[in-house]
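J.: If you scroll down you'll find the structure; I have some questions about it.
The values are calculated or read from the model by the stated rules, or taken from the named source; none is laboratory data. Here the structure is a predicted model, which means the values were calculated and not measured. All Cβ positions, glycine included, derive from the backbone under ideal geometry; neighbour counts span all protein chains shown.
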Amino acid sequence: MAACYRKCEEEYQCALKDAGEKLVVIDFTAKWCGPCQRIAPDFEKLSTEFPDIVLYKVDVDDASDVAQVCGISSMPTFIFFKSGKQVERFSGADIKKLKETIKRLC
């Protein structure tokens, strides 16, 4: 499944709940962010490489409430959740680190 956008805090909370025990990776991004746009195609491909994880994107301009709740101050920021709880996060367009983190947390 390709990454879906979440646009409000309610959608964000429901998405985490609906994922159950699966690893959830959220990409906090922005249309104007060059590094975000460069890593976007690689982020989308993760759904094929890791079919048992759930991927979401949050555009910080469209969902500023979610970005604020999550304490986002730079993009891209990737936050990892299991059972609705944050287990990891990092900022930067580093696909190698992203894949390594997913493998470690799965």
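J.: Out of segment 36-86, which residues are in a helix (DSSP H, G or I), over 21 Å from L105 (Cβ atoms), modelled with pLDDT under 95 and charged (D, E, K, R)?
T.: D65
J.: Given the condition β-branched (V, I, T), within 11 Å of the chain's Cα centre (by Cα), closer than 17 Å to T101 by Cβ and surrounded by 12 or more Cβ atoms within 10 Å (Cβ to Cβ), answer yes or no: does some residue in segment 56-73 qualify?
T.: Within segment 56-73, not a single residue is β-branched (V, I, T), within 11 Å of the chain's Cα centre (by Cα), closer than 17 Å to T101 by Cβ and surrounded by 12 or more Cβ atoms within 10 Å (Cβ to Cβ).
J.: Does any residue of segment 87-105 turn out to be within 17 Å of E9 (Cα to Cα) and not in a helix (DSSP H, G or I)? If you could, list the steps in order and put the result at the bottom.
T.: Here is the first cut: in segment 87-105, the ones within 17 Å of E9 (Cα to Cα) are none.
No; the residues of segment 87-105 include none that is within 17 Å of E9 (Cα to Cα) and not in a helix (DSSP H, G or I).
J.: Give segment 82-106 a look and list any residue that's touching a residue at least 12 places away in the same chain (Cβ under 8 Å) and of a type in the set (S, T, N, Q), or say none.
T.: S83, S91, T101
J.: Continuing with this model, one more query. Restricting the search to segment 74-99, which residues are exposed (fewer than 15 other Cβ atoms within 10 Å of the Cβ) and either closer than 12 Å to L23 by Cβ or among the aromatic types (F, W, Y) (or both)?
T.: Answer for segment 74-99, where residues must be exposed (fewer than 15 other Cβ atoms within 10 Å of the Cβ) and either closer than 12 Å to L23 by Cβ or among the aromatic types (F, W, Y) (or both): S83, G84, K85, Q86, V87, F90.
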